[in-house]
Amino acid sequence: MMATPQHEITVVPGVGEPGRDELRQACYDVRIDVFVHEQGFSLDEEIDDLDSAATHILLRLTPSLKPVGTIRCTKHEGYYKLSRLAVLKDHRRYRFGRALVLALHNHVQLDAKRSEQYDTVTIKCHSQIPVKGFYAKFGYSPEGEEFDEDGAPHQLMVARLALSD
Ligand SMILES: CC(C)(COP(=O)(O)OP(=O)(O)OC[C@H]1O[C@@H](n2cnc3c(N)ncnc32)[C@H](O)[C@@H]1OP(=O)(O)O)[C@@H](O)C(=O)NCCC(=O)NCCS
C-alpha cells in the first residue's frame, strides 16, 4: 500500500446553504467519470431524484483541491442509505474509499443522535457484486438475493452502527 496522498473531506452544504451547487457539481463530475465513462451507466440514470435532498461528501487532494472521490447519504423511514461511492481510477487503493465510508458513518451517527431514540442505526447499500468485499470490511452483510439495478447485478448490504459513544 502506497502512502495516502494529502487530502481533505468536505460535507457539501445542505439544501439552501451557500456553496452547495458548486461542491455538489464536483461530486457529480467524479461520479460521471466513474459510473458513466468508466462503467458505462447512462447519464440519465446517474443523476437521480435522491440527489436534490441528499448529503453529498467530497474528497479532494490538497493543496490542488482536485476532486477524486465522493459518496452520498440519504435518509429514509427507519434507515439511511449509502450510494454513489466512487473514487477516480488512478486514485484507488490509497484508502480514499475507506475514508469516504467512515465520513458517511460519522455523518449518520451525528444526524441519528440528534433525531432518533434508538441505540443503533441501520445503513443500507446496493453493492455491485465486485465490491461486496469492500463493504464487508466496514460491517456490511449481504441480505436477500442479488437483483438487477440500472442493468447491473447488485446485492443489498446492511450495516448496523451503535450510537452510544
Ligand atoms: C470501490 C472503491 C470506491 C474503493 O475505493 P478505494 O479508495 O480503492 O478503496 P480503499 O483503498 O479505501 O480500500 C479499503 C479496503 O478495501 C479493500 N478493497 C478495495 N477495493 C476492493 C474491492 N473491489 N473488493 C474487495 N476489497 C476491496 C482494500 O484492499 C482495502 O483493504 P485493507 O483496508 O484491508 O487494506 C473504488 O474501487 C471505486 O470507485 N470503484 C468503482 C466504483 C464502484 O464500484 N463503486 C461502488 C458502487 S456499489
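The values are calculated or read from the model by the stated rules, or taken from the named source; none is laboratory data. Computed from a predicted model, the values in this text were never measured in an experiment. Cβ placement follows ideal geometry from the backbone for every residue including glycine, while neighbour counts extend to all protein chains displayed. Areas reflect the complete protein model, heavy atoms only, side chains present, ligands, DNA and RNA absent. Shrake-Rupley method; radii C 1.70, N 1.55, O 1.52, S 1.80 Å.
A few comments on the model shown:
- Scanning region 99-125 for residues that are open to solvent by less than 50 Å² (accessible area, probe 1.4 Å) and within 14 Å of TYR140 (Cα to Cα) returns VAL101, LEU104, HIS105, VAL121, THR122, ILE123, CYS125.
- Here the condition is being open to solvent by less than 80 Å² (accessible area, probe 1.4 Å), touching a Leu at 6+ places or on another chain (Cβ under 6 Å) and under 27 Å from PRO5 (Cβ atoms); of PHE134, PHE96, it holds for PHE96 alone.
- Filtering region 91-149 to residues that are among the basic types (Lys, Arg), within 15 Å of the ligand (Cβ to nearest atom) and within 20 Å of VAL11 (Cα to Cα) leaves ARG95, ARG98, LYS124.
- Yes/no for SER64 being within 23 Å of GLU77 (Cα to Cα) and small (Gly, Ala, Ser): no
- In region 69-89, the residue that is farthest from the ligand (Cβ to nearest atom) out of those that are open to solvent by 10 Å² or more (accessible area, probe 1.4 Å) and under 14 Å from HIS7 (Cβ atoms) is LEU88.
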